[in-house]
1. Given labels modelled 7 Å from the Cα in the Cβ direction, how far is it in nm from Arg135 to Ser301?
2. About its Cα centre, how strong a charge dipole does the chain have in debye, to the nearest 20, once Lys and Arg get +1 and Asp and Glu get -1 at the Cβ?
3. Calculate, for the stretch 43-158, the solvent-accessible area per residue in square angstrom, rolling a 1.4 angstrom probe over the heavy atoms of the protein chains.
4. At 222 nm, what value in deg cm²/dmol follows for the chain if DSSP H runs of at least 4 each add -39500 (n - 2.57) and the sum is divided by all its residues, to the nearest 500?
5. Any idea of Ser126's accessible area? Nearest 10 Å², probe 1.4 Å.
6. With θ set to phi - 60° and the Karplus curve 6.51 cos²θ - 1.76 cosθ + 1.60, what are the ³J(HN,Hα) couplings of the stretch 245-254 in order, to the nearest whole Hz, using x for Gly and Pro?
7. Please report, in whole Å³, the volume per residue of the convex hull around the C-alpha atoms of the stretch 194-327.
8. As a test of reading the structure, rank Lys83, Lys69, Lys288, Lys230 by solvent-accessible area (1.4 Å probe, protein chains only), most first.
Amino acid sequence: MRELSLLTTTLGCKYCSLSRLLDWGWKLHSWDCSRCCPTGFLCLRSAQAIPFLAGVLTLGVVHHTLTVKGSHLASHNALTESKSWSKVWAVFFIELCSAFTVEQATYNHVKIHHGYTNVIGLGDSSTWKLPFLNRYVYMFIAPLAVPILTPLVALDLLRNVEWKAALRTLCCMFLGFYCHYWLLLHVSGFQSPWSALLCMLVTRSLLAHPYIHVNIFQHIGLPMFAADRKPRRIHLMSLGVLNLPRNPLLDWSFGHSLISCHVEHHLFPSLSDNMCLKIKPIVSQYLKQKKLPYNEDTYSSRLWLFLQRYEELMVHAPPITELVGIQ
């Protein structure tokens, strides 16, 4: 942990004074979302193709901003310093917007994925693997089912939480779906329930492909470790995490911590999204000075890699990496 402590000290000296200022990043971002959302619903009232498609695109981006970026930051309590408000935002983003359960999302993502990144049988991202699907179905067709599969998985996981939490989750899931459906009928002017449901499916799956791709690109194919032979945390995160290049659409919808600052996020998971972007040059420089990996690759390169080596990466068990002398 000494290396990680030194890195923390370095970051603290340079950017501690900016932490409060950077909170405005999400506030301004959420304000933009609050303006885009009604615009999207109103655009869907148009009988012309271009405004209608603009409405679909707008609502799709807003939906993924809430469900991916908002839920991810809320699960790490990275939206506010208040513990009470952190719980409120977690319920809003994870249950109301994303139709999932807070307890299981926090446990599986924060406790397991972050606590045991690329440790086989724990945080090895194996939950994203569907070995019975071929590469093209998994990479290009299956993501369209994410809006349907997510609440079904959540319902199955409710067996593992207390009845009060399960009841709260069910109420929030129903309220989130019903509000979306009601707005399409009464604000956007959809005449048929089935057309409203189809529009819900389209907007909720608009960025499902990069959502699935990003989650597998940034860990699978990198070194994996046995639970009893995992290296120190800084080695684990530098070896087992990868950054993608900045992308305006994905940065906006998913956040810097999931796209171009994923290494930084895994090293400091409680930092805000904008703070991860600010510390990126320091983390990169520090790891390179210590001769540790700082993994970066392009989206297209990772996509080609997974298409070429799909069975090796997504079907077969990964090989175990052992680092001699630094455990």
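1. Roughly 1.8 nm, to one decimal.
2. Values: 28 positive and 18 negative charges, 112 e Å.
Dipole magnitude for the chain comes out near 540 debye.
3. Working: 5620 Å² over 116 residues.
Accessible area per residue: 48 Å².
4. Working: 15 runs with 179 residues, N = 327.
Only helices count here, giving -17000 deg cm²/dmol.
5. We get 50 Å² for Ser126.
6. x, 5, 9, x, 5, 6, 4, 5, 7, 9
7. Values: hull volume 19.9 nm³, N = 134.
Output value, Cα hull per residue: 149 Å³.
8. Numbers: Lys83 170, Lys69 15, Lys288 120, Lys230 80 Å².
The ranking, largest first, comes out as Lys83, Lys288, Lys230, Lys69.
The values are calculated or read from the model by the stated rules, or taken from the named source; none is laboratory data. Values in this document were obtained by computation on a predicted structure and should not be read as measured data. Glycine gets a Cβ as well: all are built from the backbone with ideal geometry, and neighbour counts include every protein chain shown. Areas reflect the complete protein model, heavy atoms only, side chains present, ligands, DNA and RNA absent. Shrake-Rupley method; radii C 1.70, N 1.55, O 1.52, S 1.80 Å.
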